[in-house]
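Asks: The structure under discussion is supplied below as C-alpha cells; questions concerning it will follow.
Here, each number is a calculation from the coordinates, and none is a lab measurement. Keep in mind it's a predicted model, so treat the numbers as computed, not measured. With ideal geometry, Cβ positions are generated from the backbone for all residues, glycine too; neighbour counts draw on all protein chains shown.
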Amino acid sequence: GYGVSSLLKDTGNVVFDPGFVNTANARSAITYIDGANGILRYRGYPIEELAEKSNFVEVAYLLIYGELPTPEQYQDFEHRITTHTMVHEDLKMFFNGFPRSAHPMPVLSSAVSALSTFYADSLDPHDPQQVEISTIRLLAKVPTLAAYAYKKSVGEPMLYPHNELNYSENFLRMCFGVPAANYEVDPDMAKALDILLMLHADHEQNCSTSTVRLVGSSEANIFASVSAGVNALYGPLHGGANEAVLKMLGQIQNEGMDPDTFMEKVKNKEDGVKLMGFGHRVYKSYDPRAQIIKGYAHDILGKLGGNNEMLDIALKLEEKALADDYFVERKLYPNVDFYTGLIYKAMGFPERMFTVLFAIGRLPGWIAQWREMIEDPETKIGRPRQLYVGEGERHYPQR
Ligand code: ACO
C-alpha cells in the first residue's frame, strides 16, 4: 500500500513542522528519554547508574558500540584513545592564526574540520575500518584541541598530552598545567569533570546531534559532520545556557537582590527575564541530569572551594520555583545547565569554556549517532520541504 513518504511525494502534501517538534527523522537505539517522567537511559542503562558506577570512556564505548565493554575491551579502547591524543605539529600552527580574543568554540570547530585534511586516508563513510580509526582519532584529539583553544585564549604555551593520565585528568592538565612545572591533577576535580562529561554524552536528536546526522546524510565525512555539530552547539539556545545561568546568579549576588524580588520579575515577564536553567523542550519533569548534579554540587563545591553563596542562591531559587504556581502550571523544572556552570567555574574554567566542555562531553553521542545513521539502510539525504510564501510568477521588466 501507500507509505507516508510515497503519499507525500505523489500529492505534493507537506507537513509544516517548524523546529521538527513532531517529526522523527531517525530510528535510534542509542538514547531513550521520557520527558514526562524525567527518565534518561543510554542503551537502556539509567543515567543515574552510569553516573554512579561508570566513567566517561566506558560510556563512550557503550554509546558507540551498544554494549558495556568487557575489561579487555575497555583496556584496548582506552589504550587506543590514549595513544592518539597527540595532534600533528602543523595543525598546532593553525592556532597562531586566530586572534587572541577568539572564542574557543569556533576555534575548536575549525580545528575539528581541519582534521579531515590531516587524515584524508580515512574519510570513506562506508569503510568500517576507516570509520573506526576516525572514531578513535576524534575521541582522542578533541580534548587536546580544546585545551589548545583554551591555552590560546589565555596566552599560555600549549602542553602535550600525558599518556599515563586518564581522559579527564589529561584534559585538566593540558588546560591548567604549565610547562616545566609539575601539575598535580586534583582527583576530586577529575572525577567531577568525568561525571559531567558522562551526563552530557548523548541526548538523542537535539539540535547539534541532528546537525551531525543531517550533514553526514550527504556522506560528508565524520570530521566535517562533527565540526558542524560543534557549531550548532555554539548557539546560546543550545550549549550556551550554562553561561547564562552563571551570569544570572552573579547578578543577583552582586546586586544583593532578594531571590523573591527576582522571582517576581520572572513571573511578571519583566524585560523578558527568565529563570535561566529552568524549562526544557522535552523534560516536563525534573531533568534527571540536574538531579544528579544537584546531589554532587555541595560536595564538589566544598572540595574545590567554589562559590557557595551562588549555590545557595541557586538552591533558594529552585526551592521557590518548585513551590510556585507559575512554574508548576508550566511544568518548569531545573535543566542540566542549572548547576553545571557553578561547578565548571569552581574548577577554574572561564565562562567561555563552558560550551567547549559540553562539546567534549557530547562527542561520543555525535559519533554514535553518525555511525548509526551511516549504517542504517533507511537513511536518506536530509532534505526538508518548505511552504513557499513568495511571489507568484512575474516577468523581467522591459527597460
Ligand atoms: N523562566 C520563566 N518562564 C519560562 C521559562 C523560564 N526559564 N521557560 C519557559 N517559561 C515559560 C514561557 O514564558 C511560557 O510561558 P507562557 O505560556 O506564559 O507564554 C511557558 O513557560 C512555555 O515555555 P516555552 O518557551 O514555550 O517552552 P519551549 O519548550 O519552547 O522552551 C526552553 C524551552 C527554551 C528551554 C525554555 O524553557 C527556556 O528558555 N529556558 C531558559 C533557558 C535554558 O535554560 N535553556 C537550556 C535548555 S537545556 C539545554 O540546552 C542543555
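Asks: Could you tell me how far the Cα centroid of segment 301-350 sits from the Cα centroid of segment 81-155, in Å?
Replies: Between the Cα centre of segment 81-155 and that of segment 301-350, the gap is 33 Å.
Asks: Now, a different point. Based on DSSP H runs of at least 4 residues, each adding -39500 (n - 2.57), what is the mean residue ellipticity at 222 nm of the chain after dividing by all its residues, to the nearest 500 deg cm²/dmol?
Replies: That calculation yields -17500 deg cm²/dmol at 222 nm.
Asks: Sticking with this one: Place +1 on the Cβ of every Lys and Arg and -1 on the Cβ of every Asp and Glu in segment 292-399, take the dipole about the Cα centre, and give the residue among Val336, Phe349, Tyr388 whose Cα lies farthest towards its positive end.
Replies: Working it through, the farthest residue towards the positive pole turns out to be Tyr388.
Asks: Here's a follow-up. Here is the link list: Lys151/Lys303; Lys152/Lys284; Lys284/Lys345; Lys92/Lys284; Lys53/Lys265; Lys151/Lys191. Which ones come out longer than 32 Å on Cα distance?
Replies: Over 32 Å apart, Cα to Cα: Lys152/Lys284; Lys92/Lys284; Lys53/Lys265.
Asks: Here is a follow-up. What are the ³J(HN,Hα) values, in whole Hz, obtained from phi via the Karplus relation 6.51 cos²θ - 1.76 cosθ + 1.60 with θ = phi - 60°, for each residue of segment 126-138 in sequence order, with x given for Gly and Pro?
Replies: Couplings: 9, 9, x, 5, 5, 5, 5, 5, 5, 4, 5, 4, 5 Hz.
Asks: I would also like to ask the following. What's the longest bit of the chain with no exposed chymotrypsin sites (Phe, Trp or Tyr not before Pro), using DSSP loop states and at most 11 other Cβ atoms within 10 Å as the test?
Replies: 17-387
Asks: Among the GluC sites (Glu not before Pro) in segment 223-307, which ones are in a DSSP loop with at most 13 other Cβ atoms within 10 Å of the Cβ? Mind listing them?
Replies: In loop regions of segment 223-307 (DSSP not H, G, I, E or B), the sparsely surrounded GluC sites (Glu not before Pro) are Glu255.
Asks: Which three lengths, in whole Å and largest first, does segment 1-131 cover when its Cα atoms are put on their principal axes?
Replies: That works out to 57, 39, 35 Å along the principal axes.
Asks: Along the charge dipole of segment 233-310, which of Ile300, Leu249, Tyr286 sits closest to the positive end, that is, farthest toward it, with unit charges on the beta carbon of Lys, Arg, Asp and Glu (+1, +1, -1, -1)?
Replies: Towards the positive end, the residue furthest out is Tyr286.
Asks: How big is the C-alpha Rg of the chain next to the rule-of-thumb value 2.2 N^0.38 Å, as a ratio?
Replies: 1.05
Asks: On to the next question. Using the crude model of +1 on Lys and Arg Cβ and -1 on Asp and Glu Cβ, and no other charge, please compute the dipole size for the chain relative to its Cα centre, in debye to 20.
Replies: 1100 debye
Asks: Express the Stokes-Einstein translational diffusion coefficient of segment 249-353 in µm² s⁻¹, to the nearest whole number, given a Kirkwood radius over alpha-carbon pairs, 4 °C and a viscosity of 1.567 mPa s.
Replies: 91 µm²/s
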